Structures are given as C-alpha cells and as structure tokens.
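Okay, so here's the structure we're looking at.
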Amino acid sequence: MTRPSRRILVVLVLLVVGLLLVIVPVALRPGDTSTVSRRDPHRATNLSRSQMAGLLDAVATVARSKSKAELVAEGQQLFRSASVAKDGESCQGCHTNGGANPDLGTVPHPQGPGDFTGRRDPPSLWGVSHTAPYFWVGNVPTLEGTVTATINAHFKTGTSQPTAKTAEQAAAIVAYLDTIEAPVTPFDTGTMSPAAVRGEALFRGKADCIACHAGPLFTDNRLHNTNVPQLPGGTDPGAPLPPGAFNTPTLRDARNTGPYMHNGVFTTLDQVVRFYNSQSSVAPLGLTDAEIGDLVAYLDAL
C-alpha cells in the first residue's frame, strides 16, 4: 500500500471512531436521550435554619408591603431574566412559561460531593402554589422556602446580596408563580375524544390512577414509592420517608411535559401506563392494549 493510501485509510478510521464515540453513547441511553450538562439550580444551599427563618420573615414583610400586581410584574421579569442567574440560565429556561421544557432533557447528578448518581427531570409549575411540598423528594414545605433557596443557590449574587434584596426577589417570584395556570385543553373545554372519555372512566375506576392523581391539579401532594426503575448505574435514593418515594407530579398538560418520572426514564405516556400496568408497585392493573390506548388518550387530553 502506498503512503498516500495509508494516510487516507488512517483518516477514514479516525472519522469512523469519532462518529462511534458520539453515536454509541446516545444509542445506549435508556428513556430520554438528552441531558442538561449544567448545575442543578435547586441544589441544597448552606443556609442555616436561623438564616432561612430570617429570610422567610423578610419575604413575608415584602409580600405585605407591595401590591400583588407590582410583585407579579417584578416576579415575571426575574423569572425570565438570564442576567441575574448563573451562567445565563433563567428560571424560564427550564420551566418555559411555567411548563416543563420538553426539549431540555434532564439534569445529571452527582452535582457535588456525596450526591447520588442519576438524573432529575425539571417538572412543570402548573398550579405550583397549590402543590406543596416541593422538589422530587418533598423536602421543602413552602413555596417561599423553595424560591428563597433557589435564589441563594442559583442567582449570581444570591449568597452575597443583602437579605432585603433576596426577600424582594423571592416575594416577587412567588407572586408570579401564583398566577401560572395550565393551558386550556380538551379536558377543560369538554371536547375530549371518545377514547379519552373511556380513558377517564379507567382513570377513575379500573386503573385507579385517581388514588394519587386527584383534584384539579391531579396530585395528592404526597410522596409514593411506585418502583420506578433506576437508570443504569443510578443510585438516587429518593425520600427517606417513605423510603425511596418521590413527589406526585401534576398531570396537567402531561402531553408536553416529557420525559416522565423523576429521572425521565420514560419518554412516552404509553411507556408510563404500561409500566404501571405490569411493573409498578400497584401492578398488575389488568389493562388490555385497547384500554392502555384509551388511558393514554385521556392523559393526552389533560
């Protein structure tokens, strides 16, 4: 073989190897294939109990001293601002207009020493002021505490700015979050398909989804361990009580909030329903393929 031919062969081999390095890891990932290579904006901060208590008192004072309209306007601006957040990552980037950004993917962990291995899926914020406790393990009881901790961890000057500024920002964002409502869907307008209507009967009856997903936001605001599978190599422990449990998410606008479950292990609602039907802690549900299709149609209409 001549030297030019050898050179061409080497280049071709390198190109193939490079493509494999890109393609193979993606093909091997289960569920959602996209991840967000960024820090978790809600990673626990070093605030002491007394510091947090002082901040929450200041937040309450601001909330009483300003009009709701003024706070909402300020909160919307902060929520959408890329300039106040680290690395230009606004709240809006993960929770687009309050929803879950389906193009975002999941946030990888570990995020620091002692953290678990796995992924967490940014949830939607529909009706968030009525869905306490907060985060996937329900470790924060109030929305004010959730927002205050997020500002401290994720805003550029969150750990160094005066208490008064953090309180003003938190009160404003909480007021804005209180205005976020799910988009109007066929469920709201009474225009669900025949399949979705059949699915609603299954949701309330045979499948008994309503046991955990009840009320206007389709959540019981409690934590449950339903045996959602870990991702390969995952060590996510979930909540300490109940052991391995995760917060029940709202099902409003479910069609646009994939990937699903706390770790994004499922990419479609069909996969979610089939998991609950045959592998979850409440299985077997005994749903037929036709019934699974009807139940997915109902979830798609929410």
Exercise for review: Can you tell me which residue within the range 251-287, out of those that are under 19 Å from ASP103 (Cα atoms) and among the polar types (S, T, N, Q), is surrounded by the fewest Cβ atoms within 10 Å (Cβ to Cβ)?
Suggested key: THR268
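From the list PRO133, PRO123, PRO108, PRO141, which one is within 27 Å of GLY264 (Cβ to Cβ), of a type outside the set (Val, Ile, Thr) and without any contact (Cβ under 8 Å) to a residue 12 or more places away in the chain?
Working: PRO133 fails: without any contact (Cβ under 8 Å) to a residue 12 or more places away in the chain; PRO123 fails: without any contact (Cβ under 8 Å) to a residue 12 or more places away in the chain; PRO108 fails: without any contact (Cβ under 8 Å) to a residue 12 or more places away in the chain.
The conditions single out PRO141.
Can you go through VAL84, VAL107, VAL59 and tell me which one is in contact with a Ser or Thr (Cβ under 7 Å, 6 or more places away or on another chain), within 24 Å of TRP126 (Cα to Cα), at pLDDT 50 or above and hydrophobic (A, V, I, L, M, F, W, C)?
Working: VAL84 fails: in contact with a Ser or Thr (Cβ under 7 Å, 6 or more places away or on another chain); VAL107 fails: in contact with a Ser or Thr (Cβ under 7 Å, 6 or more places away or on another chain).
Being in contact with a Ser or Thr (Cβ under 7 Å, 6 or more places away or on another chain), within 24 Å of TRP126 (Cα to Cα), at pLDDT 50 or above and hydrophobic (A, V, I, L, M, F, W, C) holds for just one of VAL84, VAL107, VAL59, which is VAL59.
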Check your understanding: In the range 259-274, what residues are closer than 16 Å to GLY234 by Cβ and either in contact with a strand residue (DSSP E or B) (Cβ under 7 Å, 6 or more places away or on another chain) or in the same structural domain as PRO122 (by TED's automatic domain parsing) (or both)?
Key -> PRO259, TYR260, HIS262, ASN263, GLY264, PHE266
**Study point:** Criterion (of a type in the set (Gly, Ala, Ser), modelled with pLDDT of 95 or more and under 30 Å from VAL184 (Cα atoms)) met by exactly one of GLY118, GLY138
**Key:** GLY138
Exercise for review: Starting from the range 90-102, keep only residues that are closer than 13 Å to VAL128 by Cβ, then list their pairs with residues that are surrounded by fewer than 17 Cβ atoms within 10 Å (Cβ to Cβ) and of a type in the set (Ser, Thr, Tyr) whose Cβ atoms are within a distance under 9 Å, requiring at least 6 positions of separation or different chains.
Suggested key: CYS91/SER81; GLY98/THR179
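May I ask you to verify whether ARG222 is surrounded by fewer than 19 Cβ atoms within 10 Å (Cβ to Cβ), in contact with a Leu (Cβ under 8 Å, 6 or more places away or on another chain) and either over 20 Å from HIS130 (Cα atoms) or among the charged types (D, E, K, R) (or both)? If you could, list the steps in order and put the result at the bottom.
On the way: surrounded by fewer than 19 Cβ atoms within 10 Å (Cβ to Cβ): yes; in contact with a Leu (Cβ under 8 Å, 6 or more places away or on another chain): no; either over 20 Å from HIS130 (Cα atoms) or among the charged types (D, E, K, R) (or both): yes.
Criteria not met by ARG222.
The values are calculated or read from the model by the stated rules, or taken from the named source; none is laboratory data. Quick caveat: nothing in here was measured; it's all calculated off a predicted structure. Cβ coordinates were reconstructed from backbone atoms using ideal geometry, including for glycine residues, and neighbour counts include every protein chain displayed.
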